[in-house]
Amino acid sequence: MEWNEVPGADDYDVRVCLDSDCSTITRSTNTTQSSWTVTPALTQGKTYWWEARAINDCGSGAWSGTRSLEPGCVAPGIPSITDPGKSVLPGQEYTVSWTAVSDATGYMIQEATNPEFDRPTTYSVDRTSRTFSHLNGGCEPGVYYYRVVAINDCGPGRTSSTVDMVVKAPDIDYDRICDYEDNCPGTPNEDQLDSDRDGAGDVCDDCPLDYDRDDDTDGEDLATFADGGTGASLETLARQFGRVCR
């Protein structure tokens, strides 16, 4: 709100009212300036009345008489988004949060798999956080990017900065072999050795040299899986692993 400067005035009283005769005052101030930005903000779309008077050492002048005022639409401020951390395991939940914006009626958080937010997924929330979790379909880590914007009746405000979260590749034994390809997903075995070729790696196979677990009673395993023709028996080879299937 602005008014003309009055010669000889030291300062001004200004008030905002809920009625035209200013019998109900909702905001007021005293200022040496000839303008005032009303704080706290008034309700958008509602009609108010305001007036001002000049003051000096001799006292207060007359009130100017009221003029109507209808606050314009103001978009909300920018939320401050919090980094959710560096990385999580597949399926592990993590929460992206941000600061509240006083004039917001809700928020929109966007998630994308690229920092340019090409084709993002947008979620509308009425709080200041949202929880996510992801199961990667492949053997590479997934990186997810997030940004948030506050909204009110005037529309969205400006977008926050960007944070990200790395969802690790599904490798629960940390042997650098993805669970979907690991023949012993719960036991580290980077070499993936499977001597009896039964699909279970030697380190997690109760009988690593007996694919059909028949204790070699038919002689087939000895003929098939003897150690490269060196003459070592299955029992000898099994003892190398600390297990005998008899």
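The values are calculated or read from the model by the stated rules, or taken from the named source; none is laboratory data. All values reported here derive from a predicted model rather than from experimental measurement. Positions of Cβ are backbone-derived with ideal geometry, glycine not excepted, and every protein chain shown enters the neighbour counts.
Can you give me the number of residues within the stretch 97-126 that are over 24 Å from residue 73 (Cβ atoms) and not in a strand (DSSP E or B)? Explain how you work it out, then say what you get.
First pass over the stretch 97-126, keeping only residues over 24 Å from residue 73 (Cβ atoms): 97, 111-121, 123.
Next cut, not in a strand (DSSP E or B) only: 113-120.
The qualifying residues number 8.
Checking each residue in the stretch 151-163 for being surrounded by fewer than 17 Cβ atoms within 10 Å (Cβ to Cβ) and not polar (S, T, N, Q) picks out 153, 154, 155, 156, 158. Just one residue in the set 41, 52, 75, 9 is touching a residue at least 40 places away in the same chain (Cβ under 8 Å), assigned to a strand (DSSP E or B) and either small (Gly, Ala, Ser) or in contact with a Pro (Cβ under 6 Å, 6 or more places away or on another chain) (or both); that residue is 52.
Let's see how each residue does on (1) over 17 Å from residue 81 (Cα atoms); (2) out of contact with any strand residue (DSSP E or B) (no Cβ under 8 Å at 6 or more places or on another chain); (3) touching a residue at least 40 places away in the same chain (Cβ under 8 Å):
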site: 129; (1), (2), (3): no, no, no
site: 134; (1), (2), (3): yes, no, yes
site: 139; (1), (2), (3): yes, yes, yes
site: 146; (1), (2), (3): no, no, yes
site: 150; (1), (2), (3): no, no, yes
site: 155; (1), (2), (3): yes, yes, yes
site: 159; (1), (2), (3): no, no, yes
site: 162; (1), (2), (3): no, no, yes
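Got at least one residue in the stretch 132-143 being modelled with pLDDT of 95 or more and in contact with a Lys or Arg (Cβ under 9 Å, 6 or more places away or on another chain)? No: the stretch 132-143 contains no residue that is modelled with pLDDT of 95 or more and in contact with a Lys or Arg (Cβ under 9 Å, 6 or more places away or on another chain).
Filtered by the rule that a residue be in a strand (DSSP E or B), within 30 Å of residue 71 (Cα to Cα) and not charged (D, E, K, R), the stretch 144-171 gives 148, 149, 150, 151, 152, 155, 156. Set side by side, the residues 56, 4 differ, and just one is at pLDDT 95 or above, over 28 Å from residue 142 (Cβ atoms) and either touching an Asp or Glu at 6+ places or on another chain (Cβ under 9 Å) or loosely packed, with under 15 Cβ neighbours inside 10 Å (or both), which is 56. On the given criteria, is residue 103 touching a residue at least 40 places away in the same chain (Cβ under 8 Å) and either polar (S, T, N, Q) or over 30 Å from residue 206 (Cα atoms) (or both)? Answer is yes for this residue.
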